[in-house]
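The values are calculated or read from the model by the stated rules, or taken from the named source; none is laboratory data. Note that the structure is a prediction, hence the values are computed from the model and not measured. FYI the Cβ positions are ideal-geometry reconstructions off the backbone, even for glycines, and counts take in every protein chain you see.
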Amino acid sequence: MSETILEVKNLRTEFKREKSYVTAIHDVSFSLNKGEIVGLVGESGCGKSVTSMSIMRLLGDTSGKITNGEIRFKGRNLLDLSEREMQTIRGSRISMIFQDPMSSLNPPIRIEKQMIEAVRIHENCSKEQARKIAADMLHEVGIPDVENTLRSYPHQLSGGMCQRVMIAMAMACKPELLIADEPTTALDVTIQAQIMDLMKKIQKENGTTILLITHDLGVVAQMCSRVLVMYAGRIVEQADVHELFYNPKHPYTKGLIACVPKIGSDVRRLPSIPGSVPDLSVMPKGCKFAPRCQYASDRCLKGEPDLVLVDGRENHWIRCYLESKDQTM
Amino acid sequence: MDENLMSVQDLVKTFEVNKGFLAQKKYVHAVNHVSFDIKPGETFSLVGESGCGKSTTARLLNHLIRPDSGKILFEGKDIAALKEDEMRPLRSDIQMIFQDPYGSLDPRMKIQDLIAEPLLIHTNLSAGERLKKVQELLGLVGLSPEHGERYPHEFSGGQRQRVGIARALSVNPKMIIADEPVSALDVSIQAQVLNLMQDLQEKFHLTYLFISHDLSVVEMISDRIGVMYLGTIVETAPKKEIFAHPLHPYTKALLSAVPIADPEQHNERVALKGELPSPVNPPSGCLFHTRCPYCTKRCREERPQLTEVSPGHFCRCHLMESA
Amino acid sequence: MAEESVVRQSAEELPKPKSPYKEFARKFLKRKAAVVSLIFIIVLALVAIFGPMVIRYNPNAADYTALLQGPSPKHIWGTDEFGRDVFARLIAGTRLSLSVALGSVVVGTAIGIILGLLAGFYGGIVDSIVMRGSDILFAFPDILLAIAIVAILGPGVINVVIAVAVFTVPSFARIIRSATLEVKEAPYVEVARSIGCTNSRILWKHIFPGTVQSMIVNFTMRIGTAILASSSLSFLGFGANVTEPDWGTMLSQGRNYLNTAPHMVLCPGLLIFLTVLAFNLLGDGLRDTLDPKIK
């Protein structure tokens with residue numbers, strides 16, 4: 001068993017809505033091993049971004065609050081750290097890239113200055129050295145004209161270029177964990193393919209652990225070794241990528257995989273999941289997926305199942321009564 | 001001669017940029033000599049990446065903007081040159097579904113008023129008759145009559161898109177232009193909306209022009225597909241043909257870039273060089289030559305024509321002309 | 001399979017609809033200053049309507065036995081140089097001052113909205129004419145402009161209304177124009193065009209409602225300004241007839257007795273101050289309540 005980089009235990013995050021608190025994520029537990037790419041998939045509003053923001057402790061300005069659980073990064077609980085200690089970890093040991101590369105860069109400042117700043121915050125070096133590191137990183141992420149790019153302002157670069165710059169910035173300090181929140185969603189497919197290749201290359205060469213948050217099962221299938229499926233703030237299934245795609249157990253995962261149109265399959269109709277994702281403030285009782293689930297029984301409507309191992313499998317966890325007979329209510 | 005419901009001929013649209021004082025005028029070549037035909041009852045799709053001019057084409061066909069030159073024949077009549085007042089009666093035949101389910105419904109109007117709006121403009125129905133029709137339409141798209149009393153902000157993205165579809169259907173159009181109707185929706189909702197669109201097509205013999213960047217969605221819904229790059233169509237063919245035998249290097253690259261939702265299957269990637277050129281200064285010769293792995297001297301100098309390679313399969317590439 | 005896409009979505013799935021008015025009231029009630037201001041304005045309006053019917057003294061009745069008296073149980077806010085009851089005159093003046101302000105802002109707003117909508121919607125030459133016209137009016141200080149207009153038209157209540165309305169127009173035209181430009185770009189306006197709405201329908205049915213919020217806020221604030229302006233005009237002698245009770249006129253008359261009878265300036269001055277403040281605070285409160293970005 002390889003080294004565990006990140007271990008999240010029973011994480012619960014709540015948001016303030018007018019007077020009451022609503023639970024955005026509930027009882028989320030998972031761990032990431034060194035050098036693997038793990039996918040966190042789900043539809044909008046399922047809590048995947050809240051999970052990443054909780055790990056980075058960036059919820060401060062959105063009135064969100066972590067009310068339970070532990071986030072252990074190499075054994076240390078991030079929730080116990082002071083804001084100052086957290087700052088030294090952010091960016092240097094855990095980096096994050098966001099969905100919208102354009103708005104993650106500061107528009108009136110040249111790429112050069114932003115990158116040098118980012119490097120110097122975490123690395124004790126001169127401006128010239130920092131610029132050298134920045135240039136090397138840009139070269140590494142496949143930017144053809146490094147000097148020109150360094151002197152550009154963000155708006156002069158295309159979306160794909162900006163995302164490369166963001167990745168270069170995130171990688172400049174050789175973080176151990178990279179959290180990529182929908183890094184290719186805003187990009188065209190041909191550019192997405194390039195960015196995906198780049199992330200794989202980084203993972204291979206530096207042994208970086210990547211938590212890839214996405215809604216695109218295609219990206220997951222091509223990139224990840226393990227997958228966490230989230231629904232309504234809970235992890236509903238967790239398995240190796242092969243196991244998940246070929247032997248999905250949770251009805252939600254099954255539905256999700258079935259409703260992705262596949263090129264070359266020549267179908268005109270797709271199965272779909274009826275209904276829509278429940279609103280945080282009006283969560284159904286019992287299993288959160290039960291109202292949309294065609295197999296739901298009385299039991300599913302009353303009690304909520306725990307995340308348990310699938311019978312006879314080693315690394316396949318599921319939050320469903322149907323597949324785990326030993327669960328009691 | 002009118003076997004085509006809509007026939008687009010040599011459509012050109014440029015936008016002025018850099019309007020600054022004393023600045024040299026520059027033009028974005030958004031739509032660059034585009035031609036295609038749509039037959040009654042079929043679904044024709046335009047695919048391409050952002051900035052390829054597919055949405056501009058949709059707006060041109062719906063007369064929201066005017067082309068610089070070219071013809072748009074709808075049932076044999078050129079609508080490109082019509083004035084807004086002359087176009088209005090035809091609008092009930094050509095309806096549009098928009099991409100943004102959040103912005104495209106007026107937040108201050110009730111759902112039933114939104115759906116009834118085309119009826120108000122194009123028919124003489126009384127208020128009661130309109131309401132009856134609205135309730136019928138709500139049922140048709142899988143919503144219930146009570147939804148009509150609500151305001152758009154109470155709806156999810158998928159439900160709003162259903163409202164958009166109900167509204168487009170209210171005046172029994174012949175053709176619906178759908179501009180990225182599902183790209184803002186989650187996959188499970190996407191499938192619901194796509195299935196609904198296909199059901200309605202069967203039921204009302206609708207003709208769709210479907211605009212999307214998502215090849216897998218396009219494959220599901222289309223009969224014929226046109227691939228756009230930098231404002232031109234580089235390849236058109238029936239769906240099966242284009243997925244089985246893509247000819248243009250850009251189409252091949254596009255197809256190979258789509259990640260397959262199967263961990264055991266991997267695409268043989270056709271890698272593209274460089275970046276998308278700016279539509280302000282499109283490259284000389286073949287528009288794709290700057291990124292094409294098979295670029296020759298001729299490609300750099302001479303713009304290829306759209307030629308029929310096999311029946312119904314057109315491709316704009318020098319390599320295919322010689323083959 | 002064909003049935004699947006038409007799965008009924010029951011209405012219960014939606015969260016209970018929140019009445020937009022209730023929501024508005026709930027947010028508004030959180031803003032104490034605005035609520036107090038609103039109460040003050042309501043009281044003032046009631047006074048303007050019913051006040052003259054209930055006061056003890058005739059505001060124009062002179063009492064030469066009680067000249068320039070300070071506040072006393074008999075005349076709670078004292079009397080002026082003709083022995084008229086200041087309190088009675090202020091109450092009577094409320095009606096005049098408020099109606100002048102309201103009238104001028106209503107006229108100014110109506111014209112401003114129409115000009116702003118047309119300028120924003122049609123752009124081009126219409127826009128240039130309206131906006132350059134506004135710029136010219138903006139180049140004059142408000143009060144100077146009003147004085148010039150009243151000087152040309154002659155003094156009198158109606159002319160004050162016109163003068164104040166004139167300098168209300170450009171600020172409204174600008175605000176409505178920018179709101180129009182913003183709403184015009186909303187996708188639903190393009191949708192409206194695609195289904196065949198005429199320009200006038202798009203303008204009145206889809207764009208105008210989108211500008212109402214900024215209109216309400218500005219309207220409220222402008223009433224404060226208008227009260228100040230009309231009082232200033234009266235103070236300078238351009239307003240109502242000297243014999244009529246008006247806040248500005250009273251202030252002007254009291255100025256001569258600042259040393260002997262300060263209450264003659266203090267009472268109307270305080271009232272003008274409080275009223276203008278109340279309208280501005282209410283306007284602020286409304287803006288914050290209506291702005292979706294502020295919770």
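When residue B:85 is tested against (1) surrounded by fewer than 23 Cβ atoms within 10 Å (Cβ to Cβ); (2) touching a strand residue (DSSP E or B) at 6+ places or on another chain (Cβ under 9 Å); (3) not in a strand (DSSP E or B), only condition (2) is not met. Residues in region A:122-151 that are β-branched (Val, Ile, Thr) and at pLDDT 85 or above: A:133, A:146, A:149.
Of the numbered criteria (1) within 12 Å of chain A (Cβ to nearest Cβ); (2) surrounded by fewer than 20 Cβ atoms within 10 Å (Cβ to Cβ); (3) of a type in the set (D, E, K, R), the one residue B:203 fails is (1). Kindly check whether there is at least one residue in region A:310-329 that is part of a strand (DSSP E or B), in contact with a strand residue (DSSP E or B) (Cβ under 6 Å, 6 or more places away or on another chain) and either more than 27 Å from residue A:226 (Cβ to Cβ) or modelled with pLDDT of 80 or more (or both). Among the residues of region A:310-329, at least one is part of a strand (DSSP E or B), in contact with a strand residue (DSSP E or B) (Cβ under 6 Å, 6 or more places away or on another chain) and either more than 27 Å from residue A:226 (Cβ to Cβ) or modelled with pLDDT of 80 or more (or both), which makes the answer yes.
Filter region A:217-273 down to residues that are at pLDDT below 90 and of a type in the set (D, E, K, R) and give me whichever is surrounded by the most Cβ atoms within 10 Å (Cβ to Cβ). Within region A:217-273, the match that is surrounded by the most Cβ atoms within 10 Å (Cβ to Cβ) is A:262.
Within region C:119-171, the set of residues being more than 26 Å from residue C:98 (Cβ to Cβ) and in contact (Cβ under 8 Å) with a residue 60 or more places away in the chain comprises C:119, C:120, C:121.
Selection of helices (runs of 4 or more DSSP H) fully inside region B:182-275 by the criterion of at least 2 residues being in contact (Cβ under 8 Å) with a residue 40 or more places away in the chain and of a type in the set (Val, Ile, Thr) returns B:215-221. Of all the listed residues (C:124, C:154, C:120), the sole one being within 14 Å of chain B (Cβ to nearest Cβ) and of a type in the set (Gly, Ala, Ser) is C:124.
Within region C:183-198, the set of residues being more than 7 Å from chain B (Cβ to nearest Cβ) and free of Cβ contacts under 8 Å to residues at least 24 places away in the same chain comprises C:185, C:189, C:192, C:198.
Each row is one residue, and each column tells you yes or no for (1) modelled with pLDDT of 85 or more; (2) more than 28 Å from residue C:155 (Cβ to Cβ).
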site: C:207; (1), (2): yes, yes
site: C:212; (1), (2): yes, yes
site: C:221; (1), (2): yes, no
site: C:242; (1), (2): no, no
site: C:259; (1), (2): no, yes
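Checked against (1) closer than 19 Å to residue A:164 by Cα; (2) within 11 Å of another protein chain (Cβ to nearest Cβ), residue A:241 meets all criteria but (1). All of B:172, B:124 fail the test of being in contact (Cβ under 8 Å) with a residue 60 or more places away in the chain, more than 22 Å from residue B:218 (Cα to Cα) and more than 11 Å from every other protein chain (Cβ to nearest Cβ), apart from B:172. Can you give me the number of residues within region A:177-223 that are within 17 Å of residue A:104 (Cβ to Cβ), more than 14 Å from chain B (Cβ to nearest Cβ) and of a type in the set (Gly, Ala, Ser)? Number of matching residues: 1.
Applying the criterion of being at pLDDT 85 or above and not aliphatic (A, V, I, L, M) to the residues of region A:165-183, the residue that is nearest to residue A:129 (Cα to Cα) is A:175. Can you find a residue in region A:32-53 that is among the charged types (D, E, K, R), under 27 Å from residue A:257 (Cα atoms) and in contact with a Ser or Thr (Cβ under 7 Å, 6 or more places away or on another chain)? Yes: one or more hits.
Residue check: is residue C:129 under 23 Å from the mean Cα position of the chain (by Cα) and assigned to a helix (DSSP H, G or I)? It is false that residue C:129 is under 23 Å from the mean Cα position of the chain (by Cα) and assigned to a helix (DSSP H, G or I).
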